[in-house]
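To start, the structure itself, in structure tokens.
The values are calculated or read from the model by the stated rules, or taken from the named source; none is laboratory data. All figures in this text were calculated on a predicted structure; none of them were measured in a lab. Glycine also receives a Cβ, built like all others from the backbone with ideal geometry; neighbour counts cover every protein chain displayed. With ligands, DNA and RNA removed, areas are computed over all heavy atoms of the protein, side chains included. Shrake-Rupley method; radii C 1.70, N 1.55, O 1.52, S 1.80 Å.
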Amino acid sequence: MTNTMTTPICLSGRENGPKGMSNGGFACGTFAGLVGGTAKVTLYQKVPLETDLTTRVSEHLAQVLAGDRLLAVAEAVEPFVLEPPVRPTAAQAESARERHPLRGLRHPLSDCVVCGPERRDGLGVTPGPLESDPDILAAPFRPTSGYAVDGLVRPAAVWGALDCPSYSAADLRTRRFCLLGSLEACQVRPVAVTESLVVVGWTRGVGTRSVQTASAIIDEDGAVVASARAVWVAVRHQWAVKTIARLVG
């Protein structure tokens, strides 16, 4: 990278996904801010919490490192808006949330800051299948002041809300554990803590181990507030994930 500047960055310990790792959406949203906010962020390794990270930033590109290890690359992209296949009502999203298939079970994302069903200080965006279409996930999003500055939700939290509902509905249903590989998002307008929003997620394509998905946050008028494209990658040793989940339960 030429004409770069180096800036330290540290992610809050409460903004976790799997235990000991940053939530992918919060991490990606934070890193996207280094290049203007509308970006594609690719994650190469797990992102640690409460750790001083190094960033190398040029005009349109940022690298995030822990020591000599490259964790992520953020690349600025043109603004975009994705139209969701359906626009669930708040009631439909709440009903979908109650159908989250892992509710009441211990699993690697039980305490996720975004989707953890029992996480009282999180975003509460726990996606579940729509009754009308089980292959589409939805959840309510009612932002709180704990993730806002001057009444406006932090962009990293908006990215977080886009993250978990973009998980593949099929993988959630079969309990195949995947990690976020990349997230490309664009926020159309600021989000206020007083708003009642809905997040909807859908699958765009399926590979052998990877799944291409998308998600969108819509407001009470049905307008898209933010949207994202994601790539999820299935963990190779699924048995190990399930064993660990039982041990921490």
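Of all the strands (runs of 3 or more DSSP E) wholly in the stretch 160-241, which have at least 3 residues that are β-branched (V, I, T) and closer than 21 Å to G124 by Cβ?
In the stretch 160-241, 197-206, 210-218 are the strands (runs of 3 or more DSSP E) which contain 3 or more residues that are β-branched (V, I, T) and closer than 21 Å to G124 by Cβ.
Restricting attention to the stretch 161-185, which residues are of a type outside the set (A, V, I, L, M, F, W, C) and open to solvent by 30 Å² or more (accessible area, probe 1.4 Å)?
Result: R173, T174, R175, R176, E184.
Can you confirm whether L152 is in contact with a Leu (Cβ under 7 Å, 6 or more places away or on another chain), touching a residue at least 12 places away in the same chain (Cβ under 8 Å) and open to solvent by 10 Å² or more (accessible area, probe 1.4 Å)?
Working: in contact with a Leu (Cβ under 7 Å, 6 or more places away or on another chain): no; touching a residue at least 12 places away in the same chain (Cβ under 8 Å): yes; open to solvent by 10 Å² or more (accessible area, probe 1.4 Å): yes.
Taking the combined requirement at face value, the residue does not satisfy it.
Return the pair list, or none, for Cβ contacts closer than 7 Å from residues in the stretch 96-110 that are in contact (Cβ under 8 Å) with a residue 60 or more places away in the chain to residues that are hydroxyl-bearing (S, T, Y) and open to solvent by 70 Å² or more (accessible area, probe 1.4 Å), at least 6 apart or on different chains.
Qualifying pairs under 7 Å: none.
On the basis of being out of contact with any strand residue (DSSP E or B) (no Cβ under 8 Å at 6 or more places or on another chain), open to solvent by less than 10 Å² (accessible area, probe 1.4 Å) and in contact (Cβ under 8 Å) with a residue 12 or more places away in the chain, does F26 make the cut?
Yes: the conditions hold for F26.
How many residues does the stretch 103-129 contain that are more than 22 Å from A27 (Cα to Cα) and either open to solvent by less than 10 Å² (accessible area, probe 1.4 Å) or not in a loop (DSSP other than H, G, I, E, B) (or both)? Talk me through it step by step, then tell me what you get.
Here is the first cut: in the stretch 103-129, the ones more than 22 Å from A27 (Cα to Cα) are 103-106, 128-129.
From what's left, either open to solvent by less than 10 Å² (accessible area, probe 1.4 Å) or not in a loop (DSSP other than H, G, I, E, B) (or both): 128-129.
Residues in the stretch 103-129 being more than 22 Å from A27 (Cα to Cα) and either open to solvent by less than 10 Å² (accessible area, probe 1.4 Å) or not in a loop (DSSP other than H, G, I, E, B) (or both): 2 in total.
Please specify each residue of the stretch 59-112 satisfying the condition of being modelled with pLDDT under 95 and among the hydroxyl-bearing types (S, T, Y).
Listed by number, the list holds a single entry, S110.
Got at least one residue in the stretch 50-58 being among the basic types (K, R) and exposed (fewer than 15 other Cβ atoms within 10 Å of the Cβ)?
no
Scanning the stretch 63-89 for residues that are under 19 Å from the mean Cα position of the chain (by Cα) and small (G, A, S), which turns out surrounded by the fewest Cβ atoms within 10 Å (Cβ to Cβ)?
A76
Counting just the residues of the stretch 171-190 that are at pLDDT 95 or above and more than 16 Å from the chain's Cα centre (by Cα), which one comes out nearest to K40 (Cα to Cα)?
V188
Condition test on S210, is it hydroxyl-bearing (S, T, Y), closer than 25 Å to A72 by Cβ and open to solvent by 40 Å² or more (accessible area, probe 1.4 Å)?
yes
Taking the stretch 90-102 on its own, how many of its residues are part of a loop (DSSP other than H, G, I, E, B) and open to solvent by less than 70 Å² (accessible area, probe 1.4 Å)?
Residues flagged as part of a loop (DSSP other than H, G, I, E, B) and open to solvent by less than 70 Å² (accessible area, probe 1.4 Å) within the stretch 90-102 amount to 3.
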